[in-house]
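The values are calculated or read from the model by the stated rules, or taken from the named source; none is laboratory data. If you're wondering where the values come from, they're calculated on a predicted model, not measured in any experiment. Every residue, glycine among them, receives a Cβ derived from its backbone with ideal geometry; neighbour counts consider all protein chains shown. Only protein heavy atoms, including side chains, enter the accessible area calculation; ligands, DNA and RNA are left aside. Shrake-Rupley method; radii C 1.70, N 1.55, O 1.52, S 1.80 Å.
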Amino acid sequence: MSGKPPNMIRRRMMLMGGVALGVVGLVGYQFWPRPIRASGPIKFDKLLAIPPLERGRMQNGTRVFDLTLKRGSTVFFEGIRTRSMGINADYLAPVLRLRVGEKTRFNVTNDLGEDSTLHWHGFSLPAVADGGPHQVIRPGETWSPEFTITGKAATMWFHSHMFHKTAEQVWAGLAGMAIIDDEESDLLTLPRNYGVDDIPVVLQDRLFTPAGQMPYVPGMRARMQGMIGNFPMVNGTIGAVFPASTTLLRMRLLNGSNASIYNLRFDDGRSFLQVATDGGFLPAPVRRSGLRLAPGERAEIVVDLSDGQVAKLVNRGIDTGGGMMGGGLPDFTFLEIRPKKLQVPSARLPERLTTLPDVDPARAVNTRRFRLEMGMMGSGFAINGQPMRMDVINEVVKVGQPEIWEVTSNGMLPHPFHVHGTQFRIIDRNGQPPMPGEAGLKDTVLVNPGEVVRILVEFTRYTDAKNPYMYHCHILEHEDGGMMGQFTVV
Ligand code: C2O
Ligand code: CU
Ligand code: CU
């Protein structure tokens, strides 16, 4: 059995509520207790779910995937069926394996009984294939975007992007990971035996009721700071254990939560090497002891297990930057990695991984400014004073012309700013160049209160005067609330 039996959840929640009442009294604000429980009450005795790999099928030179958005039920707690959604699965999806240069088609059938979309997060693709709010798939219909995989080997993902419903549908499980390979990644001596020494790590948290369900019912606080759960999970497993058979383990971290910014580290303080950012490899591995991952972001890390000791991947609840507004998350454990007695020695990691061009803001032909705005009460979400409107194109960008996008906020919470259809580079944060761990290809960047984040953005391939791409905050409640805008590339 994993986690707490739900009848225990109620007691625990009441306990936490009681504690929180004192705090509420102090600050005079109607907040819920910090919702993710500490690692203590969760028993780590469940094998980490490794989603099956899906390679599609070749049809006249095109790699074709048949995907169905569906409802299902998932056993998060023994003996309890929790209503959920998934893509060819009851919760989340198989991991799609793609290859740079391959023409690829996704036949996406909607069996949900409600409108949805499927967005390819991080991909460079034609706007009509993006799967954003304009590419709605009606119940019973099939949508078949087709495009050639470009860019570099990377860990991407896909998820619902139905306007006003994204948060609810992703919460229910409409998301999955995609792994892109290329000739460069073929040749690197990185762990790449899927499910063995190269594992998907989809990090999420969900708020379970005493009956073990996870309905999407955001209260005032959740509408303001986003839905945050009381149980952390990895690939849908609560209390997950991964038995590691090799001395090095590559973990493809994806923050697939609605709103939680995770401060990841190992409980024993061991360092690890970060090898990739959102859009692919860093030039060289970067040694780190902690990593902050905001919703939408990915990072690939390699951890050394040759000491044979258990390594727990934990969140350490340093403040997320929102101060009292953000609340921060408490400490908890996501995953226990237990090395097996007999370890297979892994190959030495390469010293160089890829080459990336220097970030040269002088190449930019103009600067656009984006101010992320929200009000106090979970309303007033906008960018540059304009809440998202389906019929308003906010920006028109010229293909092949690099631009500086300067992103700020009105300073209440940190916001992960995401741009569709491309990978960008961070120029600086408040004038300071990015740390090595985020100096690679990015499609999502965290903008802290009071920060001016400048990114170098360029669209090199596809134009379409009619169909827009999106830019938005990847806290899904903010996005649904209107902290999103649209741009075309012409
Ligand atoms: Cu991950 Cu506009 O989305
Ligand atoms: Cu996206
Ligand atoms: Cu936000």
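Residue pairs, Cβ under 7 Å, 6 or more apart or interchain, first in segment 458-475 and in the same structural domain as V392 (by TED's automatic domain parsing), second acidic (D, E) and within 12 Å of ligand 2 (Cβ to nearest atom). List them. Sorted first by the residue in segment 458-475, then by its partner, the pairs are Y469/D130; H472/E479; C473/E479.
Evaluate segment 360-375: report whether one residue or more is more than 28 Å from T237 (Cβ to Cβ), open to solvent by 50 Å² or more (accessible area, probe 1.4 Å), more than 16 Å from ligand 1 (Cβ to nearest atom) and modelled with pLDDT under 95. Checking segment 360-375: not a single residue is more than 28 Å from T237 (Cβ to Cβ), open to solvent by 50 Å² or more (accessible area, probe 1.4 Å), more than 16 Å from ligand 1 (Cβ to nearest atom) and modelled with pLDDT under 95. A single member of G122, G151, G131, G173 is touching a residue at least 24 places away in the same chain (Cβ under 8 Å) and open to solvent by 40 Å² or more (accessible area, probe 1.4 Å), and it is G151. Residues in segment 131-155 that are of a type in the set (V, I, T), in contact with a strand residue (DSSP E or B) (Cβ under 7 Å, 6 or more places away or on another chain) and within 16 Å of ligand 2 (Cβ to nearest atom) were compared, and the one that is nearest to I301 (Cα to Cα) is T155. Only one entry in F106, F158 is within 16 Å of ligand 2 (Cβ to nearest atom), under 25 Å from M233 (Cβ atoms) and modelled with pLDDT of 95 or more, namely F158.
Going by what's in this entry, would P416 be described as closer than 24 Å to V275 by Cβ and more than 16 Å from ligand 1 (Cβ to nearest atom)? So P416 fails the test. Residues in segment 471-483 that are under 15 Å from E406 (Cα atoms) and within 11 Å of ligand 3 (Cβ to nearest atom): H472, C473. Looking at G195, is it in contact with a helix residue (DSSP H, G or I) (Cβ under 7 Å, 6 or more places away or on another chain), over 30 Å from G411 (Cα atoms), of a type outside the set (F, W, Y) and not assigned by TED's automatic domain parsing to the domain that holds H415? For G195, the condition - in contact with a helix residue (DSSP H, G or I) (Cβ under 7 Å, 6 or more places away or on another chain), over 30 Å from G411 (Cα atoms), of a type outside the set (F, W, Y) and not assigned by TED's automatic domain parsing to the domain that holds H415 - is not met.
For segment 452-462, the condition of being away from ligand 1 (no atom under 16 Å from the Cβ), over 24 Å from N258 (Cα atoms) and of a type in the set (S, T, N, Q) holds for at least one residue.
I'd like to check something: does segment 476-490 contain any residue that is open to solvent by less than 10 Å² (accessible area, probe 1.4 Å), within 16 Å of ligand 1 (Cβ to nearest atom) and at positive phi? Yes, because at least one residue in segment 476-490 is open to solvent by less than 10 Å² (accessible area, probe 1.4 Å), within 16 Å of ligand 1 (Cβ to nearest atom) and at positive phi.
Among the candidates I383, I337, the residue that is β-branched (V, I, T) and either closer than 23 Å to R298 by Cβ or more than 16 Å from ligand 2 (Cβ to nearest atom) (or both) is uniquely I337.
Selection of segment 149-166 for residues being within 10 Å of ligand 1 (Cβ to nearest atom) and not aliphatic (A, V, I, L, M) yields W157, F158, H159, S160, H161, T166.
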